[in-house]
Amino acid sequence: MSYLPAEIPGPEPLFDDEGFWAACQERRLCFQHCTACGHFRHPPRPVCPKCKSFKFQWTEAADEGELFSFTVVHHGAHPAIGPALPYNIAIVRYPSFDDVRVISNVVDVAPEDLRIGMPLGLLWERCGNGMLVPRYKRRE
C-alpha cells in the first residue's frame, strides 16, 4: 500500500530533472554535484547557483536524511486525496550534501509524533503513473 492514493498523479520528468527521476527508477537518490566548485544542489537545475558553472555530475546520496520541517494537511485539494487525510508533507535535509533538501512524506509516523531533527531513512513507493518516488521512514 502506498502512502498516498494511486489516483494521485506521479512526477512527469522535465529536461532539468530527468537525471534525478531516472536514478529514482533505479532506487537511487542522486543530487547534482557541481564539478567546478563542488556544491551540491536540489532541485536539479542547469546552472550552479554558487559559481554559475554548467558542469555537474550526479552523486548518490547517503541514507542520512533528517526532518527539517513539515506540515500536516487536513483538507485535501482534490477528492482523490480524501482517504489519506491527514497526511504530512516533509522537508528532508541531507547534512553532508550541503544541506540539500527534498520534499516528500514520512510514511510511518503519526502526525503528532513528527519531530524536527528526527533521523529518517529512505524508501521507495510507486505512484499513480508507475514512477518510483522517494519517501521516508523513521530511522533509529
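Using label points projected 7 Å from each Cα along Cα→Cβ, tell me how many nm separate ASP63 and GLU112, to one decimal.
3.0
For LEU123, which sequence-distant residues (separation of 5 or more, or a different chain) have an amide H within less than 5 Å of its own amide H, given hydrogens modelled in the peptide plane?
ARG135, TYR136, LYS137
Quick one: check the C-alpha center-to-center distance for the stretch 30-44 versus the stretch 63-140, whole angstrom.
22
Points 7 angstrom from Cα along the Cβ direction at LYS55 and HIS74: gap in nanometres?
Taking the simple label geometry, LYS55 and HIS74 are separated by 5.3 nm.
Using a 7 Å offset from the Cα along the Cα-to-Cβ direction at both LEU123 and ARG28, what is the distance between the two label points in nm, to one decimal?
Distance between the two pseudo-spin positions: 2.3 nm.
Please state the relative contact order of the stretch 18-138 as a whole percent: Cα pairs under 8 Å, 6+ residues apart?
Across the stretch 18-138, relative contact order equals 22 percent.
Can you run phi through the Karplus equation (6.51, -1.76, 1.60; θ = phi - 60°) for the stretch 50-66 and list ³J(HN,Hα) in whole Hz, with x for Gly and Pro?
After applying 6.51 cos²θ - 1.76 cosθ + 1.60, I find 7, 10, 6, 6, 8, 8, 7, 9, 8, 10, 6, 7, 6, 7, 9, x, 9 Hz.
Using a Gaussian network for the chain with springs between C-alpha atoms less than 10 Å apart, which of these wobbles most: HIS75, HIS42, HIS33?
HIS75
Springs between alpha-carbon atoms under 10 Å, Gaussian network over the chain: tell me which of PRO49, PRO119, PRO111 tops the mean-square fluctuations.
PRO49
None of the figures in this text is laboratory data; all of them are computed from the coordinates on show. The shown structure was predicted, so the numbers you read here are calculated from the model rather than taken from an experiment. Ideal geometry is used to build each Cβ from the backbone, glycine not excepted, and the neighbour counts take in all protein chains shown.
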